[in-house]
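Just below is one structure, and these are the notes that go with it.
The values are calculated or read from the model by the stated rules, or taken from the named source; none is laboratory data. This one's a predicted model, so the numbers in the text were calculated from it and none came from an experiment. Here the Cβ positions follow ideal geometry from the backbone for every residue, glycine too, while neighbour counts run over all protein chains shown.
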Amino acid sequence: MRHWPVLCGALLFGVPVAAQDLPQGDATRGKGVGRVEIAPYIEAAQVLTAELSPGSDTVTYTRVAAGVDATVNGRNTTGSVSLRYERHFGWGKHAEDGDSLSGLARVSAAIVPRVLTIEAGGLAARTSTKGGGRSLAGGYERGDDTTQLYSIYAGPSLHTQIADVAVSANYRFGYNRVNAGDSDVVVDGKDLDVFDESTTHVANIHAGTRPGDVLPVGLGIGAGWNREDISNLDQRIDDRHLRADVTVPVGQTVALVGGIGYEKVRISHRDVLRDENGDPVVGANGYKTDKDKPRQIAYDVDGMIWDVGLIWRPSPRTSLEAHVGRRYGSATYYGSFGWQSSRRSTVNISVYDSIAGYGGQLNRALVSLPTNFEAIRDPITGELNGCVGSLKDAGCINGALGALRSATFRARGISASYSLEMGRFTTGVGVGYDRRKYIAGRGTILESINGVTDENIWLAAYLNGRLSERGSFSTNVFANWFSSGFNLGSDGAAFGVSAAYNHLLTRRLVATGALGIEGITYERDEDSWIASALVGMRYAF
């Protein structure tokens, strides 16, 4: 895979340079460095997977893996990384060999404290491709039913004060890729045009005053730019806006806010290359683009935007924002709620409305993750389950997965997460709803999907804990309910549950046993269920 060296480097960037001089597993405190923890490991396991329906095949494979989990919490630098490489060897003619890279990283480093910050992050994940081309986190499927996802980003943020005016600016560059490999993503007997890769640019600038500094109300002005270039059919999203806003306090903890401005959003793409018979030409990365044809406008909105809302911050641990207005040529609703009832529990809710491609939406989800987290992995596959453990911010990317279609879309939805630490146990749950309305140009190969919607309801939960000085357990549950407006018979649901017991044999050697079952049910097709069992050993350095 030609992109792995770059992506691995981006994921490893989550370990700061200051940590390289430390012995592995050590922790230290210092100015700007703080506490650093690095935990590398290797493991080997034997896995048995049995098909329960519609067939009865049973396969066995050996899995070997190496990985590292690291965190840094300092005055000027915070970050977390969980990186894992796995190689599996199949036993028998139906079990294939293969490998995978999975990881998650987020880091924030203050170059000039409280003024200039650099942020970066990376995601590599293997997902099951089921249900009309949908990507499902943490599944047990291998071979032709899996897809690799990659997403990275980096950029600076600036915050400064000029007299009574607070000035902030940020820029973010992102790269996203889906590697379908040999997978054949088919919907209703037809190959799905799977998203290939994209780059994203996001920039914002804002200047404003706080209520009471100059006037009884706060005033501000800002501008933003969002662009995504998708390799499939040269699709392009270009979104620019300029707006002014006002903040009106109505109490010690409540303020009314409003804004008005101008936006210009344009989505365009080229048509497919056709052969002498007029049939579309399909290559290894989807439809071939006809570079000789002009770009077709799929979406063009140019005009006024506005919104009004409420901000409620009764304490440093509780905040609520709710907004309603007009954007993208129609009504828009967005907001957030965060409540940290104690140092051991947190609730986060987010309502969103955006225009993006598959890669842009995945990159947004990555950016929204906290810098301090614990990766939650499936005990059988070792893959990320879509959520992270954190007592700071929201920590799920499940809503950004969905169908792997290459077309751009408007996404609206809501996600909520809850995390809790209680003595020896930690638990968390994430739920959400995502609705995507696809956008495509008339007279092109994508015309038939213009205005069609996909919907996805998702749930992910975990419960981990220590049973004794040597024994611990981990459990994972996921569920997805999906519905498509394409009328392709791919509506259905996916479910999975797994549990593992870990026993400490020596200070660094752990034995693990795990069981799991997952399945997908369809309205107009056969259900698919498989069960898996694992025994293995892990050595932590």
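Values computed for the structure shown
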read-out: Test: residue in the stretch 330-337 that is within 25 Å of A154 (Cα to Cα), among the polar types (S, T, N, Q) and either touching a Pro at 6+ places or on another chain (Cβ under 7 Å) or surrounded by 21 or more Cβ atoms within 10 Å (Cβ to Cβ) (or both); value: no
read-out: G389 vs. criteria surrounded by fewer than 22 Cβ atoms within 10 Å (Cβ to Cβ), at pLDDT below 90, within 17 Å of the chain's Cα centre (by Cα) and closer than 30 Å to I517 by Cα; value: yes
read-out: Lone qualifier among A479, A531, A514, A493 - being within 22 Å of Y418 (Cα to Cα) and out of contact with any Lys or Arg (no Cβ under 8 Å at 6 or more places or on another chain); value: A479
read-out: Tally, over the stretch 102-124, of residues that are closer than 22 Å to R63 by Cα and not in a strand (DSSP E or B); value: 0
read-out: Residue list for the stretch 84-101, filter: more than 24 Å from N385 (Cβ to Cβ) and part of a loop (DSSP other than H, G, I, E, B); value: G92, K93, H94, D97
read-out: Top-ranked residue of the stretch 361-386 - restricted to ones that are in contact with a Lys or Arg (Cβ under 9 Å, 6 or more places away or on another chain) and in a helix (DSSP H, G or I), ranked as surrounded by the fewest Cβ atoms within 10 Å (Cβ to Cβ); value: V367
read-out: Matching entry among G34, G67, G92, G79 (being in contact with a strand residue (DSSP E or B) (Cβ under 7 Å, 6 or more places away or on another chain), under 22 Å from G122 (Cβ atoms) and at pLDDT below 85); value: G34
read-out: Hits in the stretch 294-318 - residues which are outside any strand (DSSP E or B) and in contact (Cβ under 8 Å) with a residue 12 or more places away in the chain; value: P294, R295, R317
read-out: Number of positions in the stretch 484-508 that are touching an Asp or Glu at 6+ places or on another chain (Cβ under 8 Å), buried (at least 18 other Cβ atoms within 10 Å of the Cβ) and part of a strand (DSSP E or B); value: 5
read-out: Single residue of T475, T444, T381 found to be among the hydroxyl-bearing types (S, T, Y) and closer than 20 Å to Q148 by Cα; value: T381
